[in-house]
Each structure stands twice: as C-alpha cells, then as structure tokens.
Amino acid sequence: MHLLIAAAGSGRRMDAGCNKLLLPLAGKPIIYWTIQAAIAAHSITWIGIVGQPIDKKSIMEAVEDCNKPLVWINGGSTRQESVQLGLSSLPSEAQYVLIHDGARCLIEADLLNQCAKKVSLGNAVIAATRVTDTIKIVDSSGYIQETPERSSLWAAQTPQGFAVDQLKQAHKKAIDLGWTVTDDASLYERLGLPVVVLESAPSNLKITTKFDLSIAESIILSKNK
C-alpha cells in the first residue's frame, strides 16, 4: 500500500515560527512519530512526504532512519493542491493510496493496516471517531439555530484511502469545476461516490495547538514507560 503524508503544516496557531511537524515531541520531531507508525504498519510499502521545499532538508533528516522507500514530493499552496501533486508522483504500479496528515502523529500502525485492507477490498474509506459532545449549529450572529442528532455525527480524521485512478479523476473534476475541499472524502461526497467510515480512537488527534502537543507528549511517554 502506498502512503502520502501531508507535511506542510505552518504552525501558525502555535506561534511555532516553523513547520509544526519539526517541533519537539518527547525528544523527537512530531513527524518522526508519524513515520514510525508507517514503518510499523506491515501494509505500508512506500511513503511519500508532501511538503514545502524549504522544509525538505529538516524533515528528511528527522526521518532518515526509515527502512521503507521514502520519497520527498514538493507540495502546493493548499492541501488539495498538495494531494494532487502527491498523486502525480506515485509510482506507476500504485493501485491504492492512503493519505494521512503528518500532524496526526499518534496514529496506530493497526489503524493504517485496517484502512489499507478496506481500500484493497474496493472501498473508499476514512478513519473517524464518534462525536461525544452535543453539537450546536450557530449563525453568524452567535445564536443557536439547531442541535443535530449526535448519533449520526462523526469527526473525520486520517488516514483516508482510495483507489488511485478514481481519486485522480475526482481531483481533475475538482480542477475543472473550481471546487475547493478540505479533505478527499469531501470531494467524493460532492461527486456522489460512496465512502465508508472506519471507527478510530479519539487519541488519533491532530496537533494544532500547544495543548494538543502536551496531550500527545503525555500519551507517548505513558506508552514508553
């Protein structure tokens, strides 16, 4: 299974002053832990890191102990464009691909394997976790408009997995129609293509704030006791 890792995080919301994936987490850069999960996942045979050229040297040095084929891919100005560039850089034999956010560094190898299995059986799949909070839909003035039924709500995560040719066609359609989406599953939704949810743990969080970073460090340290 081929894996693309989105690695262009700016760290703006953390006042990091650099790509947040290079911030230290339990003594290693955040991206190191993401790659370790990919190494441990037996289903992953090829890894592409999609990021900004300015970060190439630092990120590749941080993951230089990877024992699987590891390729750097220059990304674009948006996540959507970066995925498009990642898809165009896949080896010609790639039939299926998983796309994962580098900032989800607590990803378990087993979740990668489960997603890979689902995709290889012909499903488009995303990892997601059930929403436990009560969600409110609020208007632009700050007033509650609706409380959706919680039982049908899921928080989307990554990895997300797809057949390569179908995903390439979907991205081409998005370019032709000028669509902007925040993840590939949203693109499939617009096209009316089915996507199955694979339940994952809330611990598969995305490092966005300093608070997330502290939680991730606690989890990693507790695992390595």
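Some points to look at:
- Net +/- balance of residues flanking residue 170 in space, Cβ distance below 9 Å, scoring K and R +1, D and E -1: +3
- Flagged links, alpha-carbon separation over 27 Å, of 68/172; 57/206; 118/173: 68/172
- Calculated from the structure at hand, mean projected area of the Cα convex hull in nm² is found among (1) 13.6; (2) 10.8; (3) 14.4 as (1).
- Exposure proxy shown here: for 188, 143, 96, the number of other Cβ atoms within 10 Å sets the order, fewest to most, as 143, 188, 96.
- Which of 221, 23, 4 has the fewest Cβ neighbours within 10 Å, and the rest in rising order: 221, 23, 4
- Bridge type composition, the chain - antiparallel percent by DSSP, nearest 5: 40 percent
- For the pair the range 160-219 / the range 106-120, the C-alpha centres are spaced 14 Å from each other.
- Distance (nanometres) between label positions extended 7 Å along Cα→Cβ at residue 136 and residue 71: 4.8 nm
- Under 19 Å from the residue 149 label point (7 Å along Cα→beta-carbon), backbone N, the range 176-202: 197
- R0 of 45 Å, Cβ-Cβ distance residue 93-residue 214: FRET efficiency to nearest 0.05: 0.60
We did not get these values from a lab; they are worked out from the coordinates using the rules stated. A quick note: this is a predicted structure, and the numbers were derived from the prediction, not measured. FYI the Cβ positions are ideal-geometry reconstructions off the backbone, even for glycines, and counts take in every protein chain you see.
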